[in-house]
Amino acid sequence: MTTVHSAPAITFVDLASQHADVEHEVEAGLRRVIDACAFINGPDVAAFESAWAAYCGRSHAAGVANGTDALELALRAVGVGAGDEVVVPTNSFIASAEAVARTGAGVRLVDCDPDFLLIDADRITESCTSRTRAVLPVHLYGQIAPMESVAAAAAASGLMVVEDAAQAHGARRYGLCVGSWGRAAGFSFYPGKNLGAYGDGGAVVTDEDEVVTALKALRDHGSLKRYEHPTLGFNSRLDTLQAVVLGAKLARLNEWNEARRRAAARYDELLDGLPGVRLPATLAGNEHVWHLYVVRVPERDRCLAALHASGVPAGIHYPTPIHLTGAFAGLGYGRGDFPVAEAAADEILSLPMHPHLTIAQQERVAEALAAALP
Ligand SMILES: Cc1ncc(COP(=O)(O)O)c(C=O)c1O
């Protein structure tokens, strides 16, 4: 009888290999928390917050329960609420707009640029009304939005900036770390993110003492001192067990982001010249962290089905721009309002991307994509 050796399956992300890199630190840390029964706001939360603030080059970080809460509480902490409006790019995960809506503020959507699919800063000013108070640029797919233009538009229209950094842990722009432009920036530590927990988690970074103080009250029932509740808040604390995982993984983040950059460069080479395929571009000045490697292809849905049939787990981020979702139908936007995002939504295809992707796996992805094209 002959033994058939099949190649290991390609996964979209590889959380098992990431865990193997940090297994010992994580297991020792979890054991420490369990032994101490320090489950809520234990010392590991404060230790991770200090480490995350230092990594981002900001004065403060506050852990929260997830990335959506991070954005909502960051907006609330800078004073956004009912009666205000916030500008959000329509080409993002729905949580960017959902966080705004949950503060009670209105959502003003804008299109993206055709090359990088990031917020089109030229559209910010025209989208504002007298009630617009802030803009929420999204550092989509792992690269920073064009923040000089966003900041200029914000200054011209009197807007605050709060960054959606959920996909860009460690990304830099002209040397500045993500989170350097806004009054606050919100991160998600959803497991598949560049820095991911073993469940939900999130954080806000800021340089402002008042903002972090407001945030710490908001995340803990409006309280900074036990059983004193001068304001209403939420229960949105970062779980201590997740803080242990994040602390262990943070030590690897630069190395993993570097591995993602190598994988992206390999895809660039392997896919170069494939007919009709548009490769992802990096905005000048950006150090990309490749949360996602997003190509654009003709007949995307057929191509995606063919990839899946050949064992390549590709995805779409995101199939429906926010203005066309049922959740935001009430905003009154319709098809044709944001043509760049709408055209992109029909073409985008995210290929497997994670720090442990091997050359052999990437070659298989490239072959499968070549075969899947019309
Ligand atoms: C751009 C963006 N913003 C916000 C979020 C929300 O983060 P979470 O899923 O942790 O609530 C995500 C997560 O997927 C995201 O990709």
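The values are calculated or read from the model by the stated rules, or taken from the named source; none is laboratory data. What you are looking at is a predicted structure, and each value in this text was computed from that prediction instead of being measured. Counting neighbours? That spans all protein chains shown, and the Cβs are built from the backbone with ideal geometry, glycine included.
Overview of results
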{"quantity": "Single unsatisfied condition, Gly79 versus (1) over 14 Å from Val162 (Cα atoms); (2) surrounded by fewer than 24 Cβ atoms within 10 Å (Cβ to Cβ)", "calculated": "(1)"}
{"quantity": "Enumeration of residues in segment 60-96 that are within 13 Å of the chain's Cα centre (by Cα) and over 14 Å from Phe234 (Cβ atoms)", "calculated": "Gly67, Asn91, Ser92, Phe93, Ile94, Ala95, Ser96"}
{"quantity": "Test result for Ala368, touching a residue at least 12 places away in the same chain (Cβ under 8 Å), among the small types (Gly, Ala, Ser) and surrounded by 13 or more Cβ atoms within 10 Å (Cβ to Cβ)", "calculated": "yes"}
{"quantity": "Cβ pairs under 8 Å, 6+ apart, first in segment 291-302 and over 23 Å from Ala259 (Cα atoms), second modelled with pLDDT of 95 or more and within 16 Å of the ligand (Cβ to nearest atom)", "calculated": "Arg300/Ile316; Arg300/Ile348"}
{"quantity": "Enumeration of residues in segment 235-271 that are among the aliphatic types (A, V, I, L, M), surrounded by fewer than 16 Cβ atoms within 10 Å (Cβ to Cβ) and under 17 Å from Lys193 (Cβ atoms)", "calculated": "Ala251"}
{"quantity": "Of all residues making up segment 272-295, the number that are in a loop (DSSP other than H, G, I, E, B) and either in contact with a strand residue (DSSP E or B) (Cβ under 7 Å, 6 or more places away or on another chain) or crowded, with 21+ Cβ neighbours inside 10 Å (or both)", "calculated": "9"}
{"quantity": "Output for segment 197-218, where each listed residue is among the small types (Gly, Ala, Ser) and away from the ligand (no atom under 11 Å from the Cβ)", "calculated": "Ala214, Ala217"}
